[in-house]
Each structure stands twice: as C-alpha cells, then as structure tokens.
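The values are calculated or read from the model by the stated rules, or taken from the named source; none is laboratory data. Everything quoted here is computed from the prediction, not taken from an experiment. Virtual Cβ from ideal backbone geometry, glycine too; neighbours counted across all protein chains shown. Just the protein is used for accessible areas: all its heavy atoms, side chains included, with ligands, DNA and RNA removed. Shrake-Rupley method; radii C 1.70, N 1.55, O 1.52, S 1.80 Å.
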Amino acid sequence: MDQYHSLLQHVISNGVDKADRTGTGTRSVFGYQMRFDLAEGFPLVTTKKLHIRSIVHELLWFLSGDTNTRYLQENGVSIWDSWRRPWNKGRKLVRVERRHAEYEPYHGDFSFRGVSAPRDSVDARLAGNWRRMMERCYRPTAHNYKYYGAKGVSVCKRWHNPLAFIQDVKQLPHWWYKENFWCEFELDKDYYGAKQYGPETCLWLHRNENVPTKWIYVKDPEGVERVYPGYSDASEATGFSRSSLCRFVTQGVPSILKGRNKAADGWEFRTCDEGDLLIRREIIPDGDLGPVYGAQWRNFEGVDQISEVVKSLKDNPDSRRLIVSAWNPAQLPDMALPPCHCLFQFYVDRDEEGRQRLSCQLYQRSADVFLGVPFNIASYALLTHMVAQVVGMKPGEFIHTLGDAHLYSNHIEQARTQLERDEFPLPTLRLDPLVNDIFEFTFDDIEVVGYQHHPAIKAPVAV
C-alpha cells in the first residue's frame, strides 16, 4: 500500500490549509491518482486495522439499493449513524387517517415523579417538556391553557407518568432530528388531527411545520387538482388574493365576478382537513438517508445502472460507456450527504494469456484521506472483484482518482503516526465461485484471507 502512504505524505507536505463545510479545517490538495494491481493482493491498509465487516456490508447495502441505516445497524455497522436525510419542508404530500382519542382527565400534580437525571441531560429536558404539556392541558392558570385544556385537549393515561413519557417520545418519528437539532423541533399532536398527546397521536416536527394549517384544495377549469399548505401558497400559485381565496373557500365562487376575480369562473376551492383523511407532509422513516448511493446505482431516474453495466460488460465489453454515476443534481438536496465517490467506469483489456481483464476507475470529488480513503479503496477493489467474477473476467486494476483530497486538521498527527509504521504483506480476497449474480452475494460469500495489521488509530469523524 505504498500508493496510499505516498498520498498521506503528499497531503501533509504539499497541502494547503482550507476551511470546510464541517468547520474543522483541512489540509488539502486537488487532483491525485493511485493505481492498484489487484493481482498483487487485496489493497487493504495494513498500517492500521480496518473494519472489514463495515466495508463488506456497506457495499452489499449499496448494491441492494437500500438507503436506510437499519440494515447496517443490524449488522454491526455504524459508519452512517451520524447522518440522516436533510429535513425538507417540501416533502411530498400524503393522506393520513385522522386518529381519535377520548378525553383523559388528570388529577395529579406536575412534579417529575421518579425522574432522576443531570440538569442538562436529555431526560431532564424531556421532563421539562412533560411538565409544560401537562400544565397547558390541565392547569387552568397556565398561560396557554385556553388553547389546549379549555378546548378539550388531554394527555393519554400512560403519559401521566413522566418516566413513560420520556421513554416513549424517544421512539416517536423524527426523534433523531429532535435530538440533534433540539430547539428546532417540537412535539406535535396535530399531525393526526387528534386532541390528545400520546404515543399513537404524536411525532416530532420542525417548529415551522408545527402549526395547525388549513390545506387548500384547488381545482381549475380544466379539472387539474392541487393542494396547497395554506392561503399564502395557494394565492401565490393561483394569482388570486388571500382575501378572495378565503371568500371562495367559505362562501363559494360567486356567480358574478369582478376585476381580477373574473378568472375564478369555473374554479373550485375548499379546505381539506374537514373529514377523516388529512393531508400532511410525509414522515421521514427512521434511519432514512435520502436517495444516496444505493438509490442512484439501482434507480437513477428509472435506470438500474448496476444491472445495465453488468449486461454491457457481457454484451459489449469494449464500450466506453461502462459508467455508473451517483451524482444526481436534482436529488442532492434530499441526500444526507452528497456522494463523495460519485462516478466509476469499467474498462476491459486482455492479459498475456488472452483472458479478459476488468479494471475500474473511480472519481472521488471529496476524499477524507485518513478515515474514508482506505475504506473507499477496499470497497471498490471488492466491487471490481465481484463484477469480474459474474461477467467471467479476471480482476485487473483499481484506479483511484481524487478531486479534493484532504486531511482534517484533527487527523494530521494520526496520519504521521501511521506513516511511522512498517507495512505487512497484502491479504488476499476469496469469493464463493458459485455466485454468478452480482445481487446474490452475501457477507458469507466474501472472505479476506491473511490480513495482518497494526492496531487501529482513532480519529473523530467530521460531520
């Protein structure tokens, strides 16, 4: 792995200090390439221990098209735990069924019975949330009781116990966002139209969404139906003023129209939350990362790129279009992290014996040299081996081309430590030879043999 160590030294010696998205600071170079002959061994860094389970399971996860961390967590892989799909106020609209609950009286006090937690801990803050919820529902002297308890809003019996409340709210949808952006998210009971706080009626929502909103249904003269979250959005989209829309919704479109409102002839307007089917923004599933690598590899605007490239390698191995791209500009805002290793291309030549040989070149726009690049090298070398097997070729080279290659400022000393260590011989890779479908590989079909390594070197992840 001299190639990788040369990269480490090059960045330390020649990099420029730059600011970055995470606020950590980096030492960076632009444009660098490494080549690995896969016949010389499997390119797994030996001067520190790499977690092979994470490398293998992450690649299988990509190939499956999955974008939820659940599979990784179930298999002991935590490398994606620090990310989630960005909160997007423009999430698609869905219909949800209204949930009903009977009023639940409460005659206790508002103390944190049984809650013992450090002052600034999560549990202590949730206990404060519990008290405020109980007071606005059951204490007539509370400043906002008139909006809650006076209107029949109650708390389910289980949540009368603050310990049960603290336990349950950590399991509600969007808890990750609450925990990581505490002041921006609030407990919401209106999503399901209920008049009760409870584990079946609540979730965490951004405070900008945690407002009861009238959803405005609009049908134009051509029969096109749309729904807008409030009068302002409907006004902007249709061109009618907010006051006019309010009259159209409450009184109907009059038969005699004047001025700009003449254009409303043939339109239909009403609110949507009057029945048992409510219109809401979709809930983001726990662990969802948005349309990251697997989604793009397997469904880029309807194209399964992995299936297509495998088919092309079999049918037209000399093609110069053997490319898979994870860079989808239209979907970048919905991704937990825009793809760093964003495009790879296969290339077929022949060895001295005339056997077809498969090589892969990866372009990586952003490369975390200490933590990420060793994983990336091993992952794409593994992918090259797997694809080569299913198309009946031998592995050739893995070529790794880097754009912004950087060491974070809090990784530089760890990199120097790694450079002081002597290398071990490379391990070898063993695949189950019976697997001939790229999507049929399992963890047990993949084995790294003879991996000798120095101890791991810990370094913080920049998020």
Which of the residues belonging to region 244-281 are hydroxyl-bearing (Ser, Thr, Tyr) and under 23 Å from residue 208 (Cα atoms)? 271
Within region 1-36, track down each residue that is among the basic types (Lys, Arg) and under 27 Å from residue 336 (Cβ atoms). 18, 21, 27
Modelled with pLDDT under 95 and open to solvent by 30 Å² or more (accessible area, probe 1.4 Å): does that describe residue 351? yes
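This table checks each residue for (1) without any contact (Cβ under 8 Å) to a residue 24 or more places away in the chain; (2) within 30 Å of residue 138 (Cβ to Cβ).
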site: 26; (1), (2): no, no
site: 46; (1), (2): no, no
site: 57; (1), (2): no, no
site: 69; (1), (2): no, no
site: 75; (1), (2): no, no
site: 81; (1), (2): yes, no
site: 109; (1), (2): yes, yes
site: 113; (1), (2): no, yes
Go through region 324-348 and give me each residue that's out of contact with any Pro (no Cβ under 9 Å at 6 or more places or on another chain) and surrounded by fewer than 16 Cβ atoms within 10 Å (Cβ to Cβ). 329, 330
Every residue in region 197-215 that is surrounded by 12 or more Cβ atoms within 10 Å (Cβ to Cβ) and either under 13 Å from residue 267 (Cα atoms) or among the polar types (S, T, N, Q) (or both), please. 201, 210, 213
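Hey, could you check region 273-282 for residues that are in a loop (DSSP other than H, G, I, E, B), in contact (Cβ under 8 Å) with a residue 40 or more places away in the chain and more than 27 Å from the chain's Cα centre (by Cα) and say which is surrounded by the fewest Cβ atoms within 10 Å (Cβ to Cβ)?
275
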Testing residue 415 on (1) within 24 Å of residue 352 (Cβ to Cβ); (2) assigned to a helix (DSSP H, G or I), one condition comes back false. Which one is that? (1)
Please pick out the residue among 378, 388 that is buried (at least 18 other Cβ atoms within 10 Å of the Cβ) and either touching a His at 6+ places or on another chain (Cβ under 7 Å) or without any contact (Cβ under 8 Å) to a residue 40 or more places away in the chain (or both). 388
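Does residue 23 count as loosely packed, with under 13 Cβ neighbours inside 10 Å, small (Gly, Ala, Ser) and in a strand (DSSP E or B)?
Against the criterion (loosely packed, with under 13 Cβ neighbours inside 10 Å, small (Gly, Ala, Ser) and in a strand (DSSP E or B)), residue 23 does not qualify.
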Would you confirm whether any residue within region 283-300 is touching a Ser or Thr at 6+ places or on another chain (Cβ under 7 Å), aliphatic (A, V, I, L, M) and part of a helix (DSSP H, G or I)? yes
Picked from region 64-102 (must be in contact with a Leu (Cβ under 8 Å, 6 or more places away or on another chain) and open to solvent by less than 50 Å² (accessible area, probe 1.4 Å)), the residue nearest to residue 372 (Cα to Cα) is 80
Give the number of residues within region 301-331 that are touching a strand residue (DSSP E or B) at 6+ places or on another chain (Cβ under 7 Å) and part of a helix (DSSP H, G or I). 4
Could you list, in sequence order, the residues of region 211-268 that are of a type in the set (Gly, Ala, Ser), modelled with pLDDT under 85 and assigned to a loop (DSSP other than H, G, I, E, B)? 230, 255
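Criterion first (open to solvent by 90 Å² or more (accessible area, probe 1.4 Å) and either of a type outside the set (Phe, Trp, Tyr) or at pLDDT 95 or above (or both)) does residue 125 satisfy it?
yes
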